[in-house]
Amino acid sequence: MVEIDLTRPANDAVEWLLDEFGWLFDVIATVAADVVGALEDALTGPPPLALIAALTALPLALRRWGVAAFALVAFALVDGMGLWVETMQTLAVVLVATAVSVLVGVPVGVWAARSRAVSVVIRPLLDLMQTTPPFVYLIPAVFFFGVGVVPGVVATAVFAISPAIRLTELGIRQVDHEVVEAALAFGAPPRRVLRDVQLPLALPSIMAGVNQVIMLALSMVVVAGMAGAEGLGAIVTGAVTQLDIGAGVEGGLAVVIVAIYLDRVTGALAAPRA
């Protein structure tokens with residue numbers, strides 16, 4: 001039986017990328033570190049009570065009284081457990097990774113919806129990305145960006161981008177063709193049809209994709225902690241290595257609180273207004 005060894009080609013590919021595009025990886029690392037650092041400062045700078053009030057006010061503005069009550073109690077619990085800074089660090093990483101995934105994934109999803117060839121090409125790539133174990137993403141990320149928060153952000157963004165692409169494409173394709181044809185018949189150019197007809201009608205599907213991106217990003221928290229990212233991932237990773245059940249429970253509970261809050265808020269944003 002023929003033996004196939006992909007180790008050397010993979011290593012050669014990584015070395016070639018580092019030699020040819022090392023400057024680009026340095027730029028990405030600098031920008032990502034600065035953005036995450038600025039967001040962390042914004043989240044950890046104010047007193048916890050002030051930020052808890054802001055986190056509670058957002059669902060109140062969306063008329064989600066239960067979510068507001070949950071935010072008040074849950075984030076007060078996080079502060080009481082002494083994990084406020086770590087939770088805000090994790091929230092910063094998740095928000096930046098989600099923003100990158102959405103900013104890249106939504107346009108690609110629109111492109112795939114408008115081009116059958118693009119859809120056919122990216123579909124197996126998305127299948128590969130969704131079935132690859134999360135830990136595998138850390139290997140190239142650490143090679144390209146070193147240890148710290150940047151490989152965590154990059155690995156999280158790449159891992160979480162698939163739902164943004166898939167659900168954007170699905171939402172655009174599910175828009176009634178008669179509505180699109182009517183807009184074209186009235187003389188609207190394709191860009192305006194996309195902006196004023198297809199995207200608004202596809203918004204529930206797109207927001208569902210954003211919700212899934214956030215959930216996948218949070219599922220990478222622990223993995224990002226193994227790459228040296230600060231936050232709850234580092235807490236959970238340390239608890240695993242030290243067999244500290246209490247720290248693991250507290251860190252895991254804080255992750256769950258952030259996940260529930262972001263899930264309910266994005267769900268409220270996607271819901272139609274009365």
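Centre-to-centre, using Cα atoms only, the stretch 38-71 and the stretch 87-142 are separated by 28 Å. Summing charges over all other residues whose Cβ lies under 12 Å from the Cβ of Ala13, with Lys and Arg as +1 and Asp and Glu as -1, gives -3. Label sites at Ala57 and Val249, each approximated as a point 7 angstrom past Cα along Cα to Cβ, lie 3.5 nm apart.
Report the calculated FRET efficiency for Ala42 and Leu103 (r = Cβ-Cβ distance, R0 = 22 Å), to the nearest 0.05.
After rounding to 0.05, the efficiency reads 0.70.
The per residue volume of the convex hull around the alpha-carbon atoms of the chain is 174 Å³. Assuming R0 = 41 Å, can you tell me the calculated FRET efficiency for the pair Asn11 and Asp79, based on Cβ-Cβ distance, to the nearest 0.05? For Asn11 and Asp79, the calculated efficiency is 0.35.
At a threshold of 8 angstrom on Cα-Cα distance, excluding pairs fewer than six apart, so keeping six or more, what relative contact order does the stretch 110-188 reach in percent? Averaging sequence separation for qualifying contacts and normalising by length gives 38 percent for the stretch 110-188. Over the chain, give the accessible area per residue in Å² for a 1.4 Å probe, as an integer. It amounts to 54 Å² per residue over the chain. Summing charges over all other residues whose Cβ lies under 15 Å from the Cβ of Tyr261, with Lys and Arg as +1 and Asp and Glu as -1, gives 0.
The values are calculated or read from the model by the stated rules, or taken from the named source; none is laboratory data. In this text the structure is predicted, and so the values were computed from the model without any measurement. Note: ideal-geometry Cβ built from the backbone for every residue, glycine included; neighbour counts use all protein chains shown. The protein model used for the area step is the full one, side chains on, heavy atoms only, and it has no ligands, DNA or RNA in it. Shrake-Rupley method; radii C 1.70, N 1.55, O 1.52, S 1.80 Å.
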